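Sending over a structure as structure tokens; questions will come in a sec.
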Amino acid sequence: MRYAILADIHSNLAAFQAVLRDIEERGGAEELWCLGDIVGYGPDPGECIALLRQLPHLCVAGNHDWAAIGRVDISDFNPDAAQACRWTATQLTPQDVRYLESLPLTLSRDDFTIVHGSPREPIWEYVLSTQSAKANFGYFETMFCLIGHSHVPLVFEHIGETCLLDELATEVKLGENRLIINPGGVGQPRDGDPRAAYAIYDDRDKTIYHYRVTYDIEATQERMVRQGLPNFLVTRLSYGL
Ligand code: ZN
């Protein structure tokens, strides 16, 4: 079986569609694992939820999914994110809201635990350092954990008492050591590469493949401007920051 791993779509339909096309060109995937933040920031929240729901998938809740349905207080968000969140809430149908409400915080599938932020704090924690990764290995039971939230593709490996970080891994062979893996963000990458990021897990060769995909960034930006979304959120897509 092949599984597509997507995090942080963030209402960016053009990026989401480009990733789905790339998956097809690479031989397809039987199931999509979505690591949360389907909505927030971008111009197409309803369309992204609808497209995801057409596909065989699993999905956990992210902080922006919860913010859009009023489950978390957006006073913790920066002003641009809060503005985008208020706009997102006005775009959702009752069915969209029910779907977002139904998303769990944690899922497990095969050897994987699936969360948005971290196994320790599924909604809010960013795992960007070996220190936070090391602490989080104690908070899940499976061999591997998939996370999103930082929009940065990363692999943390637990070896004995230490934890190693690999920022450039493009193929991750699953073996004896426990791993925390972030596929990067689809809809708002933040590692300096504006291309959409995602991964495919192939259980036949027990390997996770990281991919980058170009998409029509300007099309998303034009739609954001038309919807009156904050300028900073529009321009950052050009730089992947
Ligand atoms: Zn996010």
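Out of every Cα-Cα pair in the stretch 32-103, what percent are more than 21 Å apart? Present the calculation step by step, with values, prior to reporting the outcome.
Working: 431 of 2556 pairs.
Pairs farther apart than 21 Å: 17 percent.
Could you list, by residue number, the cysteines of the chain that have no other cysteine's beta carbon within less than 4.7 Å of their beta carbon?
C48, C85, C145, C163
Could you order peptides 116-123, 207-214, 71-78, 5-12 by the average number of other Cβ atoms within 10 Å of their residues, highest first?
Highest to lowest by the protection proxy: 5-12, 116-123, 207-214, 71-78.
When the chain is fully extended, how far beyond the present Cα-Cα distance does H57 get from T162, taking 0.36 nm per residue of separation? Can you show the working numbers first?
Numbers: separation 105, 0.36 × 105 = 37.80 nm, distance 3.38 nm.
Residue separation times 0.36 nm, minus the Cα-Cα distance, leaves 34.4 nm.
Within the chain, what percent of beta bridges assigned by DSSP are antiparallel, to the nearest 5?
That works out to approximately 70 percent antiparallel.
Just to be sure I follow: if Rg is taken over the C-alpha atoms of the stretch 197-241 and Rh is the Kirkwood radius over the same atoms, what is Rg/Rh?
Rounded to two decimals, Rg over Rh is 1.23.
Let me ask something additional. Looking at the calculated P(r) for the chain, what percent of the C-alpha pair distances fall above 30 Å?
Result for the distance tail: 19 percent.
Of L154, T90, A67, which is farthest on the positive side of the dipole of the chain, counting Cα position, with +1 on Lys and Arg Cβ, -1 on Asp and Glu Cβ, and the Cα centre as origin?
Checking the options against the dipole of the chain, the answer is T90.
With each label point set 7 Å from Cα along the Cα-Cβ vector, what nm distance links M143 and D216?
4.2 nm
How long is the gain from A50 to R226 if the chain were fully straight, where each residue apart is worth 0.36 nm and the alpha carbon distance is subtracted?
Roughly 61.2 nm would be gained on extension.
Applying 1/(1 + (r/R0)^6) with R0 = 35 Å to the Cβ-Cβ distance of T90 and L128, what FRET efficiency is obtained, to the nearest 0.05?
For T90 and L128, the calculated efficiency is 0.65.
For the ranges 101-113, 52-64, what's the packing order if you count other beta-carbon atoms within 10 Å of each residue, average per peptide, and put the highest first?
On the way: 101-113: 15.3, 52-64: 19.4.
Taking the mean over residues of other Cβ atoms within 10 Å, the ranking is 52-64, 101-113.
Given the DSSP H assignment, sum -39500 (n - 2.57) over each helix run of at least 4 residues in the chain and divide by its residue total; what's the result at 222 nm in deg cm²/dmol, nearest 500?
Computed mean residue ellipticity for the chain: -9500 deg cm²/dmol.
Calculate, for N177 and L241, the FRET efficiency according to 1/(1 + (r/R0)^6) with r their C-beta to C-beta distance and R0 25 Å; round to the nearest 0.05.
In this case the efficiency is close to 0.20.
Follow-up. Report M1's accessible area, 1.4 Å probe, all protein chains in place, as a number in Å² to the nearest 10.
Its accessible surface works out to 90 Å², give or take rounding.
Continuing with the same structure: For the stretch 125-208, restrict the atom set to alpha-carbon positions and state the Rg and Dmax in Å.
Computed over the Cα atoms of the stretch 125-208, radius of gyration and Dmax are 12.4, 35 Å.
Give me the net charge for the shell around T142: Cβ to Cβ below 13 angstrom, other residues only, Lys and Arg +1, Asp and Glu -1.
-1
The values are calculated or read from the model by the stated rules, or taken from the named source; none is laboratory data. Not measured: the values here are computed from a predicted model. Cβ sites come from the backbone with ideal geometry, for glycine too, and all protein chains shown count toward neighbours. Just so you know, the surface numbers come from the protein's heavy atoms only, side chains and all, with ligands and any DNA or RNA stripped out. Shrake-Rupley method; radii C 1.70, N 1.55, O 1.52, S 1.80 Å.
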